[in-house]
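Just so it is clear, none of the values below were taken in a lab; they were calculated from the coordinates. The model shown is predicted, which means the values in this text are computed figures rather than measured ones. Cβ coordinates were reconstructed from backbone atoms using ideal geometry, including for glycine residues, and neighbour counts include every protein chain displayed.
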Ligand code: CAO
């Protein structure tokens, strides 16, 4: 094994440049060209790549240090390869020469920093302005999930992250860190895994919704016996084949009808101008369970679709999500969301509103119930629903009326109600 010193390379006219990130840890195996540190001056930011591969032995600088060309960054333990032998501890002059040859590109503030994707050796791409912004707020850009291409962190990502990390307590901002009394490993074997990217992105949004929106959740049981009989008897007029449409397509149609009757549910709060935005379109969001995490794409203009078309759009859109082929814009601009767990199981739950929307409809799995009807015991199909709404915009009475209206749309007169 050879010990190799990695020095700060030539940085042109820049002197006393600040180390803003150390991207590797002692004991970490790194590859040639992996980023080691990020340097930032007033005008630019640059990641310094490693000239060798090996195991980080000792890191000699820390965040906040001011460095110049030739300063020691770290030492690497690497295997005795012919090329590396030339760069031994005693030949620092040669090291400097080699690093000079591999001068990193100094990037102007507005240019894109060409870093590796965030999964590689913990590097993260963000503009110097965003890095500075994050630092000023006491955040580590490495911990912030980036919503841009290749995980690049935007100013909005920093804001969302900060919102999810702090709590305002009597006008005082406090950091939300929950430290366990005892480490988990003290109680048995554990395994550490990365949080999937989609979950990292949706996490701060869920925290924001749960902490900022006063949620009320109303539960309702809807008798869908006639609707289910109709659904299971659908067949194609020309081919004579059964048409397979899930209850969700009918529920979507009923929801559009309810949104027309209760415009407060198809709204958003404009907190800057203190106004309510009423939407004249009917774009429904659908919570889709994917191997990458939960996604909520929109299906546009559901009011103009037939039940069969909604069923097809649901299949197509959820497939695009599961294959990660969905356009990012399709996650925005919705009226209201449906979170259906009916295909899995369970009855009532508390769906979390997807801001800037003001309500969400949770759907459970329908079940059979014996009830007394006109003196006879009969079996009826019951659909459990859970409606969460923003109490700043929708009051309890309106929430209850909305649920009753939905029950009527999906109840025994469903064909008449949904045809309107
Ligand atoms: N009651 C009883 N059965 C139901 C039902 C309900 N409410 N909803 C669906 N089903 C049945 C369907 O008819 C289908 O039956 P067959 O296999 O006999 O045809 C089966 O369950 C599977 O349906 P599905 O889930 O594939 O289709 P869908 O149209 O109901 O839902 C989609 C589509 C994309 C919403 C769904 O696949 C999905 O991802 N659901 C999970 C959503 C989720 O995770 N929500 C939680 C968000 S909060 O973390």
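One decimal place: the segment residue 212-residue 324 gains 37.4 nm when fully extended, by the rule 0.36 nm per residue minus the C-alpha distance. A straight chain from residue 156 to residue 229 at 0.36 nm per residue would run longer than the Cα-Cα distance by 21.4 nm.
Summarising the label geometry, the points placed 7 Å from Cα in the beta-carbon direction at residue 129 and residue 418 lie 5.0 nm from one another.
Ellipsoid fit via the Cα gyration tensor, the range 204-325: semi-axes of 30, 19, 15 Å, each the root of five times an eigenvalue, largest first. Remark: the residue 289-residue 184 segment gains 34.9 nm on full extension, using 0.36 nm per residue and subtracting the alpha carbon distance. Cβ crowding within 10 Å, taken as a proxy for footprinting-reagent exposure, orders 1, 11, 295 from fewest neighbours to most as 1, 11, 295. Note: relative contact order over the range 215-418, using C-alpha pairs below 8 Å and six or more positions apart, is 30 percent. Annotation for residue 376 and residue 79: the two label points, set 7 Å from Cα along the Cα-Cβ direction, are 8.1 nm apart.
For the range 215-418, the percent of C-alpha pairs falling in each 5 Å distance bin, counted from 0 to the bin holding the largest distance, reads 1, 7, 15, 20, 20, 16, 11, 6, 2, 1, 0, 0.
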